[in-house]
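The values are calculated or read from the model by the stated rules, or taken from the named source; none is laboratory data. What you see is a predicted model; the values in this text were computed from it and never measured. Please note: Cβ atoms are built from the backbone with ideal geometry, for glycine as well, and neighbour counts cover all protein chains shown.
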Amino acid sequence: MLRGKWSALWCCAWTLTYIGFLAANAHAAGFALYEWGTRANGMGGAVLASRTPDASAVAYNPATMTEIGSASMLAGATVITPSVKVKLNGVTTETDPQTFVVPQAFYMQPLSDTVWFGVGEFTRFGLGTEFSRSWPGNDNLYDVQFDSYSVQPTLAFKATDDLSVGIGVEVMKADIDIKRQLTGAGGDFGMHLTSEGYSIGANLSLFYKFNDEWAAGFVARTPMKLVGDGDVSFSGNMGAITWKPGDLTMSTTLPDSYSLGVSYTPTEQLSFEADAIYTRWEQYKEMKYEFGAGTGLGTVDSMKYWKNVWRFQLGGEYKALDWLAIRAGYIWDQEPIRDGFEDYMLPSNDRQLVTTGLGFTWDNWTLDLSYMYLWTLDRNGVKIANAGTPFGGGGTADFQDNHAHLIGTSIGYTF
């Protein structure tokens, strides 16, 4: 039996590696993403202290893996369709229609009565914003994609009958692709920047059962230094501009975060949870672009100076039948971008989400479905930074009608 489980683990590892290369992401508050599991999506992400977790516990709170009695697998995806309007210089432009697929896959199994192992692929950071190439802000950017995926092996163990501890190592791969259309000095040309890099971080998680009704979960994630290598290229008529294609290194620091959740389970059929997540975006001070010596561009620091923010999540689950669970949730997510440091890469503000979902169980299989609707407060009179730099920009813009639909599905199997 153990040999069969390890064979399943080997197959899962290959699956995670393949799925990770398919990841694409849409912008969130900042550019953090939390859609790591369909069951959690339906409950507003409020599963940090879940008494009945699934294998996505590897991502949400690895310490809760100790509540899962046998080996299990889970794979799924969340489809995101975002939209935003930007009014600049009297012209209103809507982002081009886009569909992003955020995949996730997990495997976990008990190694003994007190130790559990899990591994997962999921996405913690990403953004995607695309305008027409000729829109009024194209000198700042007209297309940006930040795709990432993380693979995280994790161990969890029971310290006592009531306290569980999890320790995970996160390996992240990230790709950045930015396109701009610049004019001046007799030229009208495209500027294309690409970068690919890796980062390593860690997390510590706790799960504590006060009694049969109340439990709490805590997760701390370290900051992650991201450095990527790529190149800059140009197309079109550059006029008197003397920039040359060449090497490029992009670097930044992704923030640490601290999450706390409390769950209340009054009956076996009904559970509620409230979570708070504090993200230290002050770590994300700049995006540094270091161009090769032959490009004529030198080093450019795109300053951020974002602020630390909170995300609050409420969720509930009702097991209406042995084979059917009904879920709902609500999320309020603060925007970290300070006034004066906005750009078109992330046209956003404080956002809210309402969520719902269904879970189906038969034999050893589970099927989960979720729907989330996101809307963002308008942000008017935004003064775009970077004017006068190689990245263009400038002007005053209004960000309006920012919303997104998120549809999730996953299938799981318990051995």
(request) Answer yes if at least one residue in the stretch 109-121 is of a type in the set (Ser, Thr, Tyr) and closer than 26 Å to Ser370 by Cβ, and no otherwise. (result) no
(request) Tally the residues that are modelled with pLDDT of 95 or more and either within 21 Å of the chain's Cα centre (by Cα) or part of a loop (DSSP other than H, G, I, E, B) (or both), restricting the search to the stretch 337-362. (result) 6
(message) Please go through the stretch 276-329 and give me each residue that is farther than 20 Å from Val232 by Cβ and β-branched (Val, Ile, Thr), ordered by number.
(response) Ile277, Thr279, Val309, Ile326
(request) Give the residue, chosen from Asp378, Asp350, Asp363, that is farther than 16 Å from Asp54 by Cβ, of a type in the set (D, E, K, R) and without any contact (Cβ under 8 Å) to a residue 40 or more places away in the chain. (result) Asp378
(request) Tell me which residues, restricted to the stretch 317-357, are of a type in the set (A, V, I, L, M, F, W, C) and within 21 Å of Tyr278 (Cβ to Cβ). (result) Ile331, Trp332, Ile337, Phe341, Leu346, Leu353
(request) Answer yes or no as to whether Ile331 is within 19 Å of the chain's Cα centre (by Cα), among the β-branched types (Val, Ile, Thr), crowded, with 16+ Cβ neighbours inside 10 Å and closer than 21 Å to Asn140 by Cα. (result) no
(message) Cβ contacts < 7 Å: first residue closer than 22 Å to Gln145 by Cα and in contact (Cβ under 8 Å) with a residue 24 or more places away in the chain, restricted to the stretch 333-345; second residue among the hydroxyl-bearing types (Ser, Thr, Tyr) and in a loop (DSSP other than H, G, I, E, B), any location; separation 6+ or different chain. Result?
(response) Glu335/Ser348; Arg338/Tyr305; Phe341/Tyr305
(request) Go through the residues of the stretch 258-279 one by one and say whether even a single one is more than 20 Å from Trp214 (Cβ to Cβ) and either of a type in the set (Lys, Arg) or in contact with a helix residue (DSSP H, G or I) (Cβ under 9 Å, 6 or more places away or on another chain) (or both). (result) no
(message) Quick check on this structure: which one of Thr99, Thr114 is β-branched (Val, Ile, Thr) and under 29 Å from Ile384 (Cα atoms)?
(response) Thr99
(message) Whether any residue in the stretch 233-250 is closer than 25 Å to Ala63 by Cα and among the aliphatic types (A, V, I, L, M) is what I want to check.
(response) no
(message) Residue under question is Asp229, and the condition is that it be under 30 Å from Leu48 (Cα atoms), of a type outside the set (Gly, Ala, Ser) and surrounded by fewer than 16 Cβ atoms within 10 Å (Cβ to Cβ); does it hold?
(response) no
(request) Name the residue, out of Met65, Met73, that is touching a strand residue (DSSP E or B) at 6+ places or on another chain (Cβ under 8 Å), under 25 Å from Asp147 (Cα atoms) and modelled with pLDDT of 95 or more. (result) Met73
(message) Considering only residues that are among the polar types (S, T, N, Q), farther than 18 Å from Met250 by Cβ and touching a Lys or Arg at 6+ places or on another chain (Cβ under 9 Å), which ones fall in the stretch 125-173?
(response) Asn138, Ser150, Ser164
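Listed here are the residues, each with its yes/no results for (1) under 30 Å from Ser50 (Cα atoms); (2) of a type in the set (Asp, Glu).
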residue: Gly246; (1), (2): no, no
residue: Leu270; (1), (2): yes, no
residue: Glu273; (1), (2): yes, yes
residue: Thr295; (1), (2): no, no
residue: Ile326; (1), (2): yes, no
residue: Ile337; (1), (2): no, no
(message) Anything in the stretch 172-201 that is loosely packed, with under 15 Cβ neighbours inside 10 Å and either at pLDDT 95 or above or within 19 Å of Asp247 (Cα to Cα) (or both)? List them, or say none.
(response) Glu196, Tyr198, Ile200
(message) Within the stretch 287-300, does at least one residue satisfy the condition of being out of contact with any Ser or Thr (no Cβ under 9 Å at 6 or more places or on another chain), surrounded by 14 or more Cβ atoms within 10 Å (Cβ to Cβ) and farther than 23 Å from Arg379 by Cβ?
(response) yes
(request) Taking Phe218 as meeting all but one of (1) without any contact (Cβ under 8 Å) to a residue 40 or more places away in the chain; (2) more than 26 Å from Lys304 (Cβ to Cβ); (3) surrounded by 16 or more Cβ atoms within 10 Å (Cβ to Cβ); (4) not acidic (Asp, Glu), write down the number of the exception. (result) (1)
(request) Quickly run through the stretch 31-63 and pick out the residues that are out of contact with any helix residue (DSSP H, G or I) (no Cβ under 9 Å at 6 or more places or on another chain) and farther than 17 Å from Val102 by Cα. (result) Met43, Asn61, Pro62
